[in-house]
Amino acid sequence: MKQVLENVENQFEMFQILDENGEVVNKEYEPDLSDDNLKELMRRMVYTRVLDQRSIALNRQGRLGFYAPTAGQEASQLGSHYALEQEDFLLPAYRDVPQLIWHGLPLYQAFLFSRGHFHGNQFPEDVHGLSPQIIIGAQYTQTAGVALGLKKRGKKSVAVTYTGDGGTSQGDFYEGINFAGAYNAPALFFVQNNQFAISVPVEKQTNAKTLAQKAVAAGIEGYQVDGMDVLAVYAVTKKARESAINGEGPVLIETLTYRYGPHTMAGDDPTRYRTDDLDNEWEKRDPLIRFRKYLEAKNLWSEEDENKVIEEAKEEIKAAIKKADNHPKQKVTDLIDIMHEELPVNLQEQMEEYREKESK
């Protein structure tokens with residue numbers, strides 16, 4: 001049985017298209033993206049890096065609430081999202097706000113979500129998704145249900161979810177992939193393995209050599225991909241999506257990536273559990289640097305292009321935070337009012353109590 005296990009684990013090799021120097025090492029699988037598509041993908045990555053920097057600053061100023069940094073994970077997040085379609089349904093974790101924004105969620109609403117304002121969860125009708133899940137792994141069981149619903153309605157779309165390596169230690173993770181596998185539901189399950197579940201290294205969470213191999217127990221396809229390589233993530237996601245909508249069942253995708261900042265801005269100090277050597281090693285694999293080199297070699301990207309995106313992002317973020325600031329403040333009566341179509345007696349009493357308080 002040890003030999004059987006070893007044989008299984010050895011099948012899950014990391015898939016890569018671009019190496020750390022931005023050179024193609026897997027020409028056969030280089031995606032057929034137009035020059036405009038490649039530039040747009042880079043634009044989104046640069047924009048999201050700026051958004052992360054500004055969000056951290058706004059959090060420190062007390063202008064945002066809960067925030068989980070994303071720098072380092074842009075290739076994993078945006079490479080996967082770029083392979084999706086507008087009708088696909090997103091069920092993100094709390095670090096996956098960028099995917100929701102590029103899926104159509106207005107930026108000012110993303111800021112309101114961070115502040116805990118209910119309007120941050122009132123998505124436009126054409127934005128197919130749920131609010132970022134705070135409970136670790138819960139989005140996996142939700143995704144199985146949404147995917148089954150899409151299948152029963154005959155939709156040619158997929159339900160897509162994300163969790164971190166820590167999420168694979170939750171029961172919801174196994175229940176979600178098992179349920180989706182049993183019903184052959186069109187779901188894509190991403191595990192963004194950024195090496196640490198807050199402070200616990202992945203090797204202390206599981207004895208499995210990879211997280212991708214956990215797909216085997218659920219009887220579904222599994223892949224491990226270089227999560228710092230945006231083209232590799234895009235290519236695997238596109239293939240997995242096509243497989244799912246063609247009735248071949250769900251897919252589990254482990255992206256090997258790294259978060260440069262803390263787990264969240266709520267007091268985590270990564271210097272307590274990560275070394276400078278480890279940080280430096282992963283920074284050499286930076287997804288933006290790697291993809292920038294690839295595009296520069298094709299004469300598709302320049303410093304001028306990048307500076308233009310940076311300034312554009314700063315201006316849009318400035319306007320969005322101002323719009324969030326000017327949005328009507330949340331009141332307790334607002335929350336009570338939107339909870340039920342008809343308020344039960346106890347909430348009717350609370351509504352009157354708070355209306356009186358708020359009128360003073």
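The values are calculated or read from the model by the stated rules, or taken from the named source; none is laboratory data. Being a predicted model, the structure only gives us computed values, none of them experimental. Here the Cβ positions follow ideal geometry from the backbone for every residue, glycine too, while neighbour counts run over all protein chains shown.
Candidates in the range 99-124 are the residues that are in a helix (DSSP H, G or I) and among the small types (Gly, Ala, Ser); of these, the one that is farthest from residue 331 (Cα to Cα) is 110.
Taking the criterion of being among the basic types (Lys, Arg), buried (at least 19 other Cβ atoms within 10 Å of the Cβ) and in the same structural domain as residue 199 (by TED's automatic domain parsing), would at least one residue in the range 154-166 satisfy it? Steps first, answer last, please.
If we filter the range 154-166 for residues that are among the basic types (Lys, Arg), which is where we start, we get 155-156.
Those still in the list that are buried (at least 19 other Cβ atoms within 10 Å of the Cβ) too: none.
Looking through the range 154-166, none of the residues is among the basic types (Lys, Arg), buried (at least 19 other Cβ atoms within 10 Å of the Cβ) and in the same structural domain as residue 199 (by TED's automatic domain parsing).
The criterion of being in contact with a Gly (Cβ under 8 Å, 6 or more places away or on another chain) and of a type in the set (D, E, K, R) does not hold for residue 96. Mind checking whether some residue in the range 332-346 is under 22 Å from the mean Cα position of the chain (by Cα), more than 22 Å from residue 48 (Cα to Cα) and surrounded by fewer than 16 Cβ atoms within 10 Å (Cβ to Cβ)? Scanning the range 332-346, I find no residue that is under 22 Å from the mean Cα position of the chain (by Cα), more than 22 Å from residue 48 (Cα to Cα) and surrounded by fewer than 16 Cβ atoms within 10 Å (Cβ to Cβ), so the answer is no.
How many of the residues making up the range 297-318 are assigned to a helix (DSSP H, G or I) and touching a residue at least 24 places away in the same chain (Cβ under 8 Å)? If you could, list the steps in order and put the result at the bottom.
Keep residues of the range 297-318 that are assigned to a helix (DSSP H, G or I), which gives 297, 303-318.
If we keep only those that are touching a residue at least 24 places away in the same chain (Cβ under 8 Å) as well, we get 297, 305-306, 309-310, 312-314, 316-317.
Number satisfying all stated conditions: 10.
Within the range 227-281, restricting attention to residues that are of a type in the set (Gly, Ala, Ser) and under 23 Å from residue 291 (Cβ atoms), the residue that is modelled with the lowest pLDDT is 261. Here 127, 146, 160 are screened, and the one residue that is at pLDDT 95 or above and part of a strand (DSSP E or B) is 160. Is there a residue being farther than 21 Å from residue 327 by Cα, in contact with a helix residue (DSSP H, G or I) (Cβ under 9 Å, 6 or more places away or on another chain) and crowded, with 24+ Cβ neighbours inside 10 Å anywhere in the range 111-118? No: zero hits. With the structure loaded, tell me whether residue 289 is more than 23 Å from residue 120 (Cα to Cα) and part of a helix (DSSP H, G or I) or whether it fails that test. Yes, satisfied. Does residue 126 satisfy being over 14 Å from the mean Cα position of the chain (by Cα), assigned by TED's automatic domain parsing to the domain that holds residue 184 and farther than 17 Å from residue 176 by Cα? Here the answer is yes, as residue 126 does meet what is asked. Please indicate, with yes or no, whether at least one residue in the range 52-73 is part of a loop (DSSP other than H, G, I, E, B), at pLDDT 95 or above and either closer than 14 Å to residue 225 by Cα or not assigned by TED's automatic domain parsing to the domain that holds residue 252 (or both). Yes; the residues of the range 52-73 include at least one that is part of a loop (DSSP other than H, G, I, E, B), at pLDDT 95 or above and either closer than 14 Å to residue 225 by Cα or not assigned by TED's automatic domain parsing to the domain that holds residue 252 (or both). Scoring residue 86 on the criteria (1) more than 17 Å from residue 292 (Cβ to Cβ); (2) buried (at least 22 other Cβ atoms within 10 Å of the Cβ) leaves a single failure, condition (2).
Being of a type outside the set (Ser, Thr, Tyr) and over 23 Å from residue 143 (Cβ atoms), is that true of even one residue in the range 70-78? The answer is yes; a qualifying residue exists.
Is it the case that some residue within the range 28-39 is assigned by TED's automatic domain parsing to the domain that holds residue 302, surrounded by 23 or more Cβ atoms within 10 Å (Cβ to Cβ) and in contact (Cβ under 8 Å) with a residue 12 or more places away in the chain? Write out each step before concluding.
Just the residues of the range 28-39 that are assigned by TED's automatic domain parsing to the domain that holds residue 302, to begin with: 28-39.
Next, from what is left, pick out any that are surrounded by 23 or more Cβ atoms within 10 Å (Cβ to Cβ): none.
Scanning the range 28-39 turns up no residue that is assigned by TED's automatic domain parsing to the domain that holds residue 302, surrounded by 23 or more Cβ atoms within 10 Å (Cβ to Cβ) and in contact (Cβ under 8 Å) with a residue 12 or more places away in the chain.
Every listed requirement among (1) of a type in the set (A, V, I, L, M, F, W, C); (2) over 22 Å from residue 38 (Cβ atoms); (3) surrounded by 15 or more Cβ atoms within 10 Å (Cβ to Cβ) is met by residue 291 save one, (2).
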